[in-house]
Amino acid sequence: MQITVVGGDQRSVYLTAAINRRSNDHATHVLHENVLHMHDAIGHADIVILPANYMGGIVKGKAGAVQGLEIVKQMRANGYLVCGCSDQALAELAKKRNIQILELLRQPHFSLANAQLTAEAALMRAGFVSERSLVNCSCLVLGSGRIAKALLRLLRSYTPNAALCARSSVARQEARWAGYPVYALTQGEQACKGRTFVWNTIPSRVVQPAWLEAMQENGWFIDLASAPYGIDSASIPANINYALESGLPGRILPMAAAEVIYQTIFPDHKEEGETG
């Protein structure tokens, strides 16, 4: 099969190399700036793989952007499209052209592995941007999804002073059983009080400026969520540092991120000697 990988990050490069090395398929990596090459490669592909963070609308890259609908129009009928999630317009056009869509973010293997990579990269970025150690730091995780849970697990190796603040009563109970202090979202200011690091994983504007004002002076609020993010950056208090760190796996751990995508698309393809 002919496979076209669309994207401008290193994860796309590693994914293309893995397909060519480990399967009988032929993959081509295309960038946004070479529009003619991209359209030609898409038009001849049996499978088109969009970035894992594509959730409809425009496919963005370092060199430019292209509408996802335009990509589907260029594809062969009866082909396959891989993306993070599809919006209604994309799904309807794909159905008309008999193009099957694999949504990575709806695949349990991908979601779990991607959450683990995001959490690992989040801790790496925290040390890099802050120049501080996480050892014995007072930390808070906002949210109750896979990324929040993975972050709490990894933080346990660094500090006993990590807590969870979440809307979900079930997630709070699970964290409480695991030995973490827990707070409801209505207790956000209390939860943030004195924290050196606060990570947000909730993709909605739930964080209040007063919460961040309660943090340790010159503490770090790190937003891992997708748009519209946890807070308007203009509302962040002047004495609190801020880092927007969405889409971490593709930026910080591209080789591992590419492997997760590969195993999700081709679960039966393994390296020689690989088991399980």
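Take the chain, connect every pair of alpha-carbon atoms lying under 10 Å apart with a spring to form a Gaussian network, then pick out the residue of 247, 179, 79 with the largest mean-square fluctuation.
It is 179.
How much accessible area does residue 1 have with a 1.4 Å probe, in Å² rounded to the nearest 10?
Here the accessible area works out near 110 Å².
Order 25, 223 by their accessible area, 1.4 angstrom probe, all chains in place, largest first. Display every interim value, and only then the final one.
Values: 25 25, 223 0 Å².
Correct descending sequence by accessible area is 25, 223.
Accessible area of the chain with a 1.4 Å probe: how many percent of it is carbon plus sulfur?
50 percent
Among residues other than residue 224 whose Cβ falls under 14 Å from its Cβ, what is the net charge (Lys/Arg +1, Asp/Glu -1)?
Charge balance near residue 224 sits at +1.
For Cα Rg over 2.2 N^0.38 Å, which listed value, (i) 1.10; (ii) 1.25; (iii) 0.97, comes from the coordinates shown?
Correct label, based on the coordinates given: (i).
Which aspartates and glutamates, if any, have their Cα less than 15 Å from the Cα of residue 149, not counting same-chain residues under 8 positions apart?
120, 174
To the nearest 20 Debye, how big is the dipole of segment 126-173 about its Cα centre, given +1 on the beta carbon of each Lys and Arg and -1 on that of each Asp and Glu?
240 debye
Report the gain in length on full extension from residue 67 to residue 154: 0.36 nm times residue separation, minus Cα-Cα distance, nm rounded to one decimal.
Result for the pair: 27.6 nm of gain on full extension.
Which one, 16, 37, 78, is farthest towards the positive end of the dipole of the chain when Lys and Arg carry +1 and Asp and Glu -1 on their Cβ?
Selected residue: 78.
Measuring with a 1.4 Å probe in the full set of protein chains, what accessible area per residue, in whole Å², belongs to the chain?
Heavy-atom SASA per residue in the chain reads 48 Å².
Counting Lys +1, Arg +1, Asp -1, Glu -1, what net charge surrounds residue 155 among other residues with beta carbon under 13 Å of its beta carbon?
+3
Which residue fluctuates the most in the chain, going by a Gaussian network model with Cα springs under 10 Å, if the choices are 76, 106, 172?
Its mean-square fluctuation being the largest, the pick is 106.
For the chain, what does -39500 (n - 2.57) per DSSP helix run (n ≥ 4), summed and divided by total residues, give at 222 nm, in deg cm²/dmol to the nearest 500?
-11500 deg cm²/dmol
Express in % the proportion of alpha carbon pairs of segment 1-135 at distances exceeding 20 Å.
Tail fraction, whole percent: 49.
Under the 0.36 nm per residue contour assumption, what length would be gained going from the current alpha-carbon distance of residue 169 and residue 131 to full extension?
Numbers: separation 38, 0.36 × 38 = 13.68 nm, distance 3.44 nm.
Additional length available on full extension: 10.2 nm.
Counting DSSP beta bridges with both partners in the chain, what percentage is antiparallel, nearest 5?
Around 10 percent of the beta bridges assigned by DSSP in the chain are antiparallel ones.
Using a Gaussian network for the chain with springs between C-alpha atoms less than 10 Å apart, which of these wobbles most: 203, 51, 228?
Comparing 203, 51, 228 in the GNM, the peak value goes to 228.
For segment 92-246, what log10 I(q)/I(0) values come out of the Debye formula at q = 0.16, 0.21 1/Å, with one point per alpha carbon and no solvent?
Result of the Debye calculation: -0.83, -1.41.
The values are calculated or read from the model by the stated rules, or taken from the named source; none is laboratory data. Because the structure is predicted, anything quoted here is derived from the model rather than measured. In this analysis, Cβ positions are derived from the backbone assuming ideal geometry, glycine residues included, and neighbour counts consider all displayed protein chains. Keep in mind that these areas ignore ligands, DNA and RNA; they rest on the heavy atoms of the full protein, side chains included. Shrake-Rupley method; radii C 1.70, N 1.55, O 1.52, S 1.80 Å.
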